[in-house]
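Participant: The structure's right below; bear with me while I get my questions together.
Just so you know, all these numbers are worked out from the coordinates, no wet-lab data involved. None of the values given here were measured: they were computed from a predicted structure. When we count neighbours, we look across all protein chains shown, and the Cβ atoms used for this are built from the backbone with ideal geometry, even at glycine.
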Amino acid sequence: MKLADTPLTELRACPHCDALYRLVPLRSRERGTCPQCNHVLVSPRSNAFRRVIALSTAALVMLAVALFTPFLDLSAAGLHSDASIWDTAMTFSSGYLTPLAVAVVAFIIIIPALRLSLILYTLVPLSLNLPAARHAAGAYRLSEILHPWSMAEIFVIGVAVALVKIAGMASVAPGIAFWTFAALVIVIIWQESFLDSEQIWSAIDSSAPRVDEGAA
Ligand SMILES: [Zn+2]
């Protein structure tokens with residue numbers, strides 16, 4: 001069949017180079033990549049929604065733990081500190097460093113938590129074979145927009161570099177929150193390996209309530 005004769009619902013454009021393809025059904029663990037730019041277009045996994053839900057819930061719990069437990073144990077010249085991320089943000093919450101405190105909490109806690117919640121909101125009804133949630137399309141689109149702004153992993157790398165730098169000046173030991181963050185990065189990467197946008201958008205599309213169903 002020529003592309004021009006293909007129904008619109010079966011056409012997909014590569015988000016990187018705009019090349020147009022006809023969607024063919026793939027089995028679990030098969031990957032559809034764009035031959036022009038190698039961007040992965042489809043990579044369905046079996047039981048993906050349930051796995052994403054389990055890993056997203058775990059990541060949300062870990063974010064809460066990481067926010068309130070000691071992040072670093074710092075001792076220098078008889079002084080000792082074991083502040084949590086929340087304590088640290090609150091220390092800077094007045095004065096000219098306020099925007100920095102707000103940005104840190106937003107990028108490493110609020111945006112990742114919001115993104116995980118939007119994914120759960122979208123996927124929980126779909127995984128139970130219920131109709132998609134009322135704002136599922138908007139929620140999932142927002143979660144994709146927030147993806148580049150979710151910076152928990154960059155924060156962990158930044159802290160690891162800072163640790164090496166200050167190790168000569170003070171005795172530093174990573175606290176519970178640091179290890180929780182490190183584990184969180186792995187959980188998020190694992191969760192994303194099951195997150196296939198094509199699979200989620202098709203599920204939202206095919207389970208959207210029909211207009212006449214809402215009339216009753
Ligand atoms: Zn492409």
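Participant: What's the exposure ranking of THR33, THR9, going from fewest to most Cβ atoms within 10 Å?
Facilitator: Fewest-to-most Cβ neighbours within 10 Å comes out as THR9, THR33.
Participant: Further, regarding this structure: May I ask you to list, by number, the DSSP H helices of the chain whose Cα span along the axis is at least 24 Å and whose average Kyte-Doolittle hydropathy reaches -1.0 or more?
Facilitator: 48-68, 176-194
Participant: Next up: Report the rotationally averaged projected area of the range 112-216 based on its alpha-carbon convex hull, in square nanometres.
Facilitator: 8.3 nm²
Participant: What residues qualify as long-range amide H neighbours of LEU72, i.e. H under 5 Å apart, gap of 5 or more or another chain, H built at 1.01 Å from N?
Facilitator: Result for LEU72 returns ALA83, GLY175.
Participant: Hey, what do the phi angles of the range 86-91 turn into as Karplus ³J(HN,Hα) couplings, whole Hz, using 6.51/-1.76/1.60 and θ = phi - 60°, x for Gly and Pro?
Facilitator: Each residue of the range 86-91 in turn: 4, 4, 4, 4, 5, 4 Hz.
Participant: Using a simple charge model, +1 on the beta-carbon of Lys and Arg, -1 on the beta-carbon of Asp and Glu, nothing else, what dipole does the chain show about its Cα centre, in debye to the nearest 20?
Facilitator: Roughly 360 debye, rounded to the nearest 20.
Participant: Would you please calculate the Kirkwood hydrodynamic radius of the range 13-87 over all C-alpha pairs and express it in Å, rounded to one decimal?
Facilitator: That comes to 16.7 Å for the range 13-87.
Participant: Run lengths n ≥ 4 of DSSP H only: what is the helix-derived mean residue ellipticity at 222 nm for the chain, with -39500 (n - 2.57) per run over all residues, to the nearest 500?
Facilitator: -16000 deg cm²/dmol
Participant: Report the equivalent ellipsoid semi-axes for the chain in whole Å, largest first, defined as the square roots of five times the eigenvalues of the gyration tensor built from alpha carbon atoms.
Facilitator: For the chain, the ellipsoid semi-axes come out as 42, 20, 15 Å.
Participant: Below 8 Å, C-alpha to C-alpha, sequence gap of six or more: please give me the relative contact order for the chain in percent.
Facilitator: That works out to 25 percent.
Participant: Per 10 Å bin from zero, what fraction in whole % of the C-alpha pairs of the range 81-173 is there, up to the bin with the longest pair?
Facilitator: Calculated P(r), rounded to whole percents: 15, 32, 28, 16, 8, 1.
Participant: For the range 6-54, what is one quarter of the convex hull surface built on the Cα atoms, given in nm²?
Facilitator: Averaging across all directions leaves 4.1 nm² for the Cα convex hull.
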